[in-house]
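Would you mind keeping the following structure in view while I ask a few things?
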Amino acid sequence: MLVELDVFSGRANPQWGLDETASATLVQLQERLNRSAETPAVPPGLGYRGFLYAARGGPIRAYRGFLTRGTIALADPQRSVERFLLEHMPNEFGQLRARLTQEISRPGKGP
């Protein structure tokens, strides 16, 4: 499964692949989540805008405690998917990992 970190403007976003085991774990994490009645935050034009990946049913964005696919939003208040994807970033993105750890650890789901 291909994962993209949506973080840059004007240059290519980092991308990496997950092996079969990690992909299966990601799908399991996603399947544990429930639909949300809340409206997810809209990613800003600059900076961290979440992780993008394609799983069963199409492309998904994991951002600020929600997974969105089209008009469907799943609540992930523990940010389990974002944390999982952060843990599975390749070492070559170490500086980004440090910055994102702070971003993902910030309380709240709003903008």
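Determine which member of the set Arg49, Arg69, Arg61, Arg35 is touching a residue at least 12 places away in the same chain (Cβ under 8 Å), more than 18 Å from Leu86 (Cα to Cα) and within 13 Å of the chain's Cα centre (by Cα).
Of the residues listed, the single one that is touching a residue at least 12 places away in the same chain (Cβ under 8 Å), more than 18 Å from Leu86 (Cα to Cα) and within 13 Å of the chain's Cα centre (by Cα) is Arg69.
Checking Pro44 against (1) open to solvent by 70 Å² or more (accessible area, probe 1.4 Å); (2) under 21 Å from Asn13 (Cα atoms); (3) not charged (D, E, K, R), which test does it fail?
With respect to (1) open to solvent by 70 Å² or more (accessible area, probe 1.4 Å); (2) under 21 Å from Asn13 (Cα atoms); (3) not charged (D, E, K, R), Pro44 is out only on (1).
Still on this structure: Given the options Arg83, Arg79, Arg56, name the one that is without any contact (Cβ under 8 Å) to a residue 40 or more places away in the chain and on the phi > 0 side of the Ramachandran plot.
Arg79
Within the range 66-89, can one find any residue that is open to solvent by 30 Å² or more (accessible area, probe 1.4 Å), closer than 22 Å to Ser105 by Cα, among the basic types (Lys, Arg) and outside any loop (DSSP other than H, G, I, E, B)?
yes
With Arg11, Arg56, Arg99 as the choices, which residue is modelled with pLDDT under 95 and touching a helix residue (DSSP H, G or I) at 6+ places or on another chain (Cβ under 9 Å)? If you could, list the steps in order and put the result at the bottom.
On the way: Arg11 fails: touching a helix residue (DSSP H, G or I) at 6+ places or on another chain (Cβ under 9 Å); Arg99 fails: touching a helix residue (DSSP H, G or I) at 6+ places or on another chain (Cβ under 9 Å).
Criteria check complete, one pass: Arg56.
Which count do you get for residues in the range 2-22 that are within 15 Å of Pro90 (Cα to Cα) and in a helix (DSSP H, G or I)?
1
The values are calculated or read from the model by the stated rules, or taken from the named source; none is laboratory data. Since we're looking at a predicted model, the values are computed, not measured. Counting neighbours? That spans all protein chains shown, and the Cβs are built from the backbone with ideal geometry, glycine included. For the accessible areas, the whole protein counts, side chains as well, though only heavy atoms, and no ligand, DNA or RNA atoms are used. Shrake-Rupley method; radii C 1.70, N 1.55, O 1.52, S 1.80 Å.
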